[in-house]
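Written below as structure tokens is the structure these notes are about.
What follows draws every value from the coordinates through simple rules; no lab data is involved. Note that this is a predicted model, so its numbers are computed, not measured. Every residue, glycine as well, gets a Cβ built from its backbone with ideal geometry; the counts of neighbours run over all protein chains shown.
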Amino acid sequence: MAFKHISAMPGEVLSFLDPQKDGIYVDGTLGGAGHARAIMDRVGSDGMVIGIDQDMDAIRHARETLGADNIRLVHGNFADLPQILQELGIDAVNGILIDIGLSQNQLEQSGRGFSFMKDEPLDMRMDTESGTRAEDLINGLDEKELADLFFTLGEERFSRPIARSIVRERQQAPITTSLRLANIVSRAVPRKASAGQKIHPATRVFQALRISVNNELGRLQEFLDHFVDCLKPGGRLCVLSFHSLEDRLVKEKIRELEGTCTCPKDFPVCVCGKTRRVKSLTRKVVRPSEQETMINPMARSTRLRACEKI
């Protein structure tokens, strides 16, 4: 597979992550390894980059193209970072980058049904060694479960008629390909509504399925609950997300970790658990420049947030 090296907001990522010579940094979502390569250049031969991805295609690509002594490649999920660092014998790192969501290579070249523009098996697993496929959900969930899935994870306002159409169509034959699903969804969305949208009518349904298959929000929450312990004092977290559900989790966790103690002053120790642990580096979400979105249209929905451990 020939990987593309288009990374979202590369300048902003380096600015907020601020990789230093001899530092140890984690790229928790390798993808095409564009961000990892830029960080490697900054840390130099005495530093280290730990590259993690649950997609073995990304690991193989990085192994073939990066070929440097200052990177360690791990097949896994960034949510398991505490265990990964322990296995590597590393107590804490200087910075962590998480680029959540779908890579351009998975969308265009994986053959796993991420794209509604291609006729591929309806899989959507980022880690093909995991269990549930999108096909299993589409053909196994009942109508209400499908509608709830599309509404909750895809924010799809026509979730009920879409679910109804899917159940009706699968009675004729199981739905096993991305193009067939995309066509079913497109027909279920009212023509006036789809005509007024800038995105394909199946976009939100495919998003919901991908998030569910890979438990993306659950794994992100696991990571957010533990990332501070993986950082050295002064270490930074930089997160790129691509829709409001992810961004909301990141925003709320940073706000929670910025909280100050609310215990009475005469308490000998803090019991409220609201000791300030990080400071935000992005008071408002950072979005890509107009110039970048012209060059890389996939970056248009990117949201960047960053914080620093106190």
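Some observations on this one:
- In degrees, nearest ten, helix 244-257 long axis to first principal axis of the chain (Cα): 20 degrees
- With bins 5 Å wide beginning at 0, the percent of Cα pairs of region 131-213 falling in each bin runs 3, 17, 30, 29, 15, 5, 1, 0.
- Amide H contacts under 5 Å for I96: V26, R236, L237, C238, restricted to partners 5 or more places along the chain or on a different chain, H placed in the peptide plane at 1.01 Å from N.
- Beta bridges per DSSP, both residues in the chain: antiparallel share near 40 percent.
- Shown in residue order for region 41-56 are the 3J(HN,Hα) couplings computed by the Karplus curve 6.51 cos²θ - 1.76 cosθ + 1.60 at θ = phi - 60°: 4, 6, 7, x, 5, 8, x, 8, 10, 9, x, 10, 7, 8, 9, 5 Hz (x for Gly and Pro).
- Sum of -39500 (n - 2.57) over DSSP H runs of 4+, divided by residues of the chain (222 nm, nearest 500): -12000 deg cm²/dmol
- On full extension, the segment bounded by H226 and K265 gains 11.2 nm, given 0.36 nm per residue less the C-alpha separation.
- The angle between the Cα long axis of helix 216-226 and the main principal axis of the chain comes to about 10°, on a 0 to 90 degree scale.
- Ranked packing of 120-128, 23-31, 289-297, most packed first, by mean Cβ within 10 Å: 23-31, 120-128, 289-297
- Sorted by Cβ neighbour density within 10 Å, fewest at the top, the residues K192, K309: K192, K309
- The amide H of Q54, built 1.01 Å from its N in the peptide plane, has G76 as neighbours under 5 Å, considering only residues 5 or more places off or on other chains.
- Dimensions in Å of the chain - Rg and Dmax from alpha carbons: 20.8, 70
- Flagged links, alpha-carbon separation over 24 Å, of K21/K253; K251/K309; K144/K198; K118/K198; K198/K251: K21/K253; K144/K198; K198/K251
- For K265, the lysines whose Cα comes closer than 16 Å to its Cα, not counting residues fewer than 8 places off in the same chain, are K274.
- Burial order of peptide ranges 211-220, 167-176, 56-65 (average beta-carbon count within 10 Å, highest first): 211-220, 56-65, 167-176
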